[in-house]
Amino acid sequence: MPLHNVLSAIDESKVLLQSLHDPLCTTKQIGLDVLRLDLLHPVISGNKWFKLKYYLQDALLEEKPGVVTFGGPYSNHIAATACAAALAGIPSAAIIRGEQPPHLSPTLQDAEQAGMHLEFVARPRYDTGFDRDGVYSINPLFQNYAIIPAGGAGPRGLAGATEILNLVTGNTYTHILCAVGTATMATGLLLASNIDQHIIGVSVVKQPQALATMFPNTIPAEMMSRFTMNTDYHFGGYARKTNTLINFMNVLYMQHQLPTDFVYTGKLLFAVFDLAATDFFPPSAKILVVHSGGLQGNRSLPPGVLKF
Ligand SMILES: *Cc1c(COP(=O)(O)O)cnc(C)c1O
C-alpha cells in the first residue's frame, strides 16, 4: 500500500516539544511549550501532513488516477501535496491562483520537479471556486481525479487534524494556541482537546470564517465555549507583514532558535508573547503553541530579511 511510503518518510518522533525559557514566562509565571510540527518533514511540513493524509489514503483506496488541489504560488499546501503524492506514487495536479508568471516561484518549481502538473487560473475566476465540472473544464485529464480542497480543508482534513495532539504526551496544558487560515487545524485541536482546556486560534486573515459555519453540526456547544478566535494579529491580512513582525521573528530566532514563517507562525508567536505581556494568561497557565510549519513560504521574502 503506497501510503506506507509517505508514512515512513514522516517520522513523528522528530516532532519535539520545545520549552521557551523566556524572562517573560518567569515574570508572568507561565509555562510556554512549542510543538515543533515544522520538524516533521522538510517539505511535507507541519499541519499540512495531518490535513492531507486521509485525502491521499482515500484516493489510493479508491484507486483514483490522481489528485488535484488548489493554492497560491507560495502555498505550503501545494508544496506538501506535490511531495506527498510523489512519495505515495499517485499523480498530482494543482490549479494555481493567478496568471502563469514568466518565472515560477520556488514553491511551484519544487512542485513541478516533484511531478505535479500545474494549471494557472487568473482572478477573479479562481476566487469563484471550482466544483467537479469546473475542475474538469480546466483540464479533461482531471476527470476522475480525487479533489482535495484548498489547504487540505474539509472533513478528511479535519479528521487528520484531530490527531495532532496525539504527539503530545502528558497533555496538561491550560491553553493551546494555533494559527488560523481555514480553521481546519483549530477545529481539529478543539475536538481533540480536554474539557478543561482553552483553544485560541490566532487568525492570519482579517475576517476568518466562524468555526460553526466551516463545520456545521460538528462542534458541540460545550466545546465552542472553550474556543476563542483572536483577530488582533493579522498584521494587515493574509501574507501581509510589517517590520515589527519581521524584527520579532529575527529576535525570536536569536533568543530561542525558533524559526517561524511570516504568514502563519510568526504572527502566532507574536500574539502569544503580546498576550502574555498584557496578562491575558493567568499565573500558572501552561501554554502549548502549535508550530504548524510553513517555513518554505519564507522563500518569497528577499534574501537577508530573515537572519535564519
Ligand atoms: C495552512 C497553514 C495554517 C492554517 O491552517 P488551517 O487549518 O487552514 O487553519 C497554519 N500554519 C501553517 C504553517 C500553514 O501552512
Of everything in segment 1-42, what is in contact (Cβ under 8 Å) with a residue 24 or more places away in the chain, more than 30 Å from D58 (Cβ to Cβ) and assigned to a helix (DSSP H, G or I)? Give them in sequence order. L24, C25, K28
Taking the residues in segment 261-274 that are of a type in the set (A, V, I, L, M, F, W, C) and within 15 Å of the ligand (Cβ to nearest atom) as candidates, determine which candidate is farthest from S105 (Cα to Cα). V272
Among the residues of segment 99-106, are any within 22 Å of G297 (Cβ to Cβ), at pLDDT 95 or above and in contact with a Lys or Arg (Cβ under 8 Å, 6 or more places away or on another chain)? yes
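Restricting to segment 280-308, what's the tally of residues that are away from the ligand (no atom under 11 Å from the Cβ), assigned to a helix (DSSP H, G or I) and within 25 Å of A183 (Cβ to Cβ)? Explain how you work it out, then say what you get.
Looking only at segment 280-308, we keep the residues that are away from the ligand (no atom under 11 Å from the Cβ), and these are 280-289, 299-308.
Among the residues that remain, those that are also assigned to a helix (DSSP H, G or I) are: 299-300.
Right, trim to within 25 Å of A183 (Cβ to Cβ) and you get 300.
Of the residues in that region, 1 qualify.
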Taking the stated definitions as given, is A277 within 16 Å of the ligand (Cβ to nearest atom), farther than 18 Å from H198 by Cβ and either hydroxyl-bearing (S, T, Y) or touching a residue at least 12 places away in the same chain (Cβ under 8 Å) (or both)? no
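Just checking, does segment 40-47 include any residue being touching a Ser or Thr at 6+ places or on another chain (Cβ under 9 Å), crowded, with 19+ Cβ neighbours inside 10 Å and of a type in the set (A, V, I, L, M)?
yes
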Yes or no: segment 172-181 includes at least one residue that is within 18 Å of the chain's Cα centre (by Cα) and of a type in the set (S, T, N, Q). no
Return the total of residues in segment 55-71 being crowded, with 20+ Cβ neighbours inside 10 Å and either among the polar types (S, T, N, Q) or within 16 Å of the ligand (Cβ to nearest atom) (or both). 4
Filtering helices (runs of 4 or more DSSP H) wholly in segment 157-251 for at least 2 residues that are basic (K, R) and free of Cβ contacts under 8 Å to residues at least 60 places away in the same chain gives none
What's the number of the only condition in (1) away from the ligand (no atom under 16 Å from the Cβ); (2) within 23 Å of the chain's Cα centre (by Cα); (3) hydroxyl-bearing (S, T, Y); (4) assigned to a helix (DSSP H, G or I) that S137 fails to meet? (2)
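The values are calculated or read from the model by the stated rules, or taken from the named source; none is laboratory data. Keep in mind that what you see is a predicted model, and the values were worked out from it rather than measured. Cβ sites come from the backbone with ideal geometry, for glycine too, and all protein chains shown count toward neighbours.
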